1. Against the condition within 30 Å of residue 336 (Cβ to Cβ), buried (at least 16 other Cβ atoms within 10 Å of the Cβ) and at pLDDT 95 or above, how does residue 90 come out, does it pass?
2. When you scan the stretch 76-123, how many residues do you find that are within 21 Å of residue 294 (Cβ to Cβ) and in contact (Cβ under 8 Å) with a residue 12 or more places away in the chain?
3. If you check residue 219 against the conditions, is it in contact with a helix residue (DSSP H, G or I) (Cβ under 6 Å, 6 or more places away or on another chain) and touching a residue at least 12 places away in the same chain (Cβ under 8 Å)?
4. Within the stretch 200-216, which residues are more than 21 Å from residue 295 (Cα to Cα) and either part of a loop (DSSP other than H, G, I, E, B) or within 14 Å of the ligand (Cβ to nearest atom) (or both)?
5. Please find, among 285, 289, the residue that is within 13 Å of the ligand (Cβ to nearest atom), more than 24 Å from residue 143 (Cβ to Cβ) and within 16 Å of the chain's Cα centre (by Cα).
6. Right, residue 277: part of a loop (DSSP other than H, G, I, E, B) and on the phi > 0 side of the Ramachandran plot or not?
7. Pull out all pairs, ordered by first then second residue, where Cβ-Cβ is under 6 Å, the residues are six or more apart or on different chains, the first lies in the stretch 202-216 and is within 18 Å of residue 171 (Cα to Cα), and the second is in a loop (DSSP other than H, G, I, E, B) and within 16 Å of the ligand (Cβ to nearest atom).
8. Return yes or no: is residue 311 in contact with a helix residue (DSSP H, G or I) (Cβ under 6 Å, 6 or more places away or on another chain) and either in contact (Cβ under 8 Å) with a residue 60 or more places away in the chain or assigned to a strand (DSSP E or B) (or both)?
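The values are calculated or read from the model by the stated rules, or taken from the named source; none is laboratory data. These numbers come from a predicted model, not from an experiment. Neighbour counts are summed over all protein chains in view; Cβ atoms, including those assigned to glycine, are modelled from backbone coordinates with ideal geometry.
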Ligand SMILES: [Mn+2]
């Protein structure tokens, strides 16, 4: 059964039709990436309306929907609604206010339902990965792992954060990545205390940590990994921080399995870090799901009570950030299974000193 059929089967009874306009939901449901396009799903038939830039590829690739060349979009939507006797459409909460206004104004006689139900259903479906999705993420991670091995030969005192980021990205592209999963983070020394630091012209120096958070994108799917390496001799305190983060990472990962809640994993990691004396030095969440988007639901965070179902891919990424000094983060991806997890990240986690 294709993704559109599966969504249709999960829609509440009485649902007349669905309109999907947000990019990754559309990409997921129709198996087709485009910067524009409208997916209309009715009980009897689904339609993918797309403009001439994409029409040729769309006709070959779109799965589960009839492909229609976009002409006058809103008139086409209205006409299809009339053809299927549809007077109300479920829409996503991802729509912008502008898009929502446009739909309401240009589709007279059609009631738009935007209670979030549709978005939640798509999100839940996307959370449980199919075999081909897991394969794409693993292939993206294989490129990410290969780039890590490569960059170990490159990092040395005098090289800048921007140069390290550029090498990582160039290497991933050369190894077949379609692009980056997100903006590469390279943070050295004092910059390491900022979890989402932007690579700068700062030169890496001996005695510093270098944190790299990056990932390749392949076939639409993201990978996500963070490693922190030491350059030259580091202090005992730096060793202690690294070992604490690694322990929090390993211990919370060991507890992962279907049926566990994300906040439970977060607490395991957080307790280890706080008990080691670093309360207030781990501000972000333990992890997130990912797929076509780099951040998807469920999450492992203190602020949400998200169930982790089998088939979900989660990151485990605790960190310690000491303002004005340094920071450490270690991040792997895991596949949640009935009885535990499968680690999808191949790179070494023990401290590497260059
Ligand atoms: Mn991440």
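1. Answer is yes for this residue.
2. Adding up the residues that qualify gives 7.
3. So residue 219 passes the test.
4. Within the stretch 200-216, 200, 201, 202, 204, 205, 206, 207 meet the criteria.
5. None of the other options fit; the residue is 285.
6. No: the conditions fail for residue 277.
7. Within 6 Å, the pairs are 214/184; 215/181; 215/223; 215/224; 216/223.
8. no
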